[in-house]
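In what follows, a structure is listed as structure tokens, so that the remarks can point back to it.
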Amino acid sequence: MPVREGALLFAGAEQIGRVTSGGHSPTLDRPIAMGFVAAAYAKIGTSLEAEVRGKRVPVQVTAMPFVPHHYVRKGAAK
């Protein structure tokens, strides 16, 4: 289920953030979202919950970019 802009993020009963954008990723074939969370919950791999239409769905803090790029910028240091 996609988590959309404005969805609240929770750690247990505590609201710790909000989603800023979200939708379906055709590359990953799954929902993805970005948001802000309190610094104490921003560690990669942290399991949280998002509230979507009154239900809690599990989410996980992930490094960006969601999909690593495989291009080389011309003139970039190697």
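Taken as a whole, the condition of being aromatic (Phe, Trp, Tyr) and within 11 Å of the chain's Cα centre (by Cα) does not apply to Phe10. When Glu51 is tested against (1) in a strand (DSSP E or B); (2) of a type in the set (Asp, Glu); (3) touching a Gly at 6+ places or on another chain (Cβ under 9 Å), just one condition goes unmet, and that condition is (3). When residues in the stretch 43-78 are screened for being among the aliphatic types (A, V, I, L, M), in contact with a Lys or Arg (Cβ under 9 Å, 6 or more places away or on another chain) and surrounded by 13 or more Cβ atoms within 10 Å (Cβ to Cβ), 3 of them pass. Of all the residues in the stretch 22-37, those that are among the hydroxyl-bearing types (Ser, Thr, Tyr) and surrounded by fewer than 10 Cβ atoms within 10 Å (Cβ to Cβ) number 1. With respect to the numbered conditions (1) without any contact (Cβ under 8 Å) to a residue 40 or more places away in the chain; (2) of a type outside the set (D, E, K, R); (3) surrounded by 16 or more Cβ atoms within 10 Å (Cβ to Cβ), which one is the sole condition not fulfilled by Ala40? Going through (1) without any contact (Cβ under 8 Å) to a residue 40 or more places away in the chain; (2) of a type outside the set (D, E, K, R); (3) surrounded by 16 or more Cβ atoms within 10 Å (Cβ to Cβ) one by one, Ala40 breaks only (3). Residues in the stretch 18-38 that are part of a strand (DSSP E or B) and over 11 Å from the mean Cα position of the chain (by Cα): His24, Ser25, Arg30.
Just so you know, all these numbers are worked out from the coordinates, no wet-lab data involved. Predicted model only: the values in this text are computed from it and were never measured. Here the Cβ is made from the backbone with ideal geometry for all residues, glycine too, and neighbour counts use every protein chain on show.
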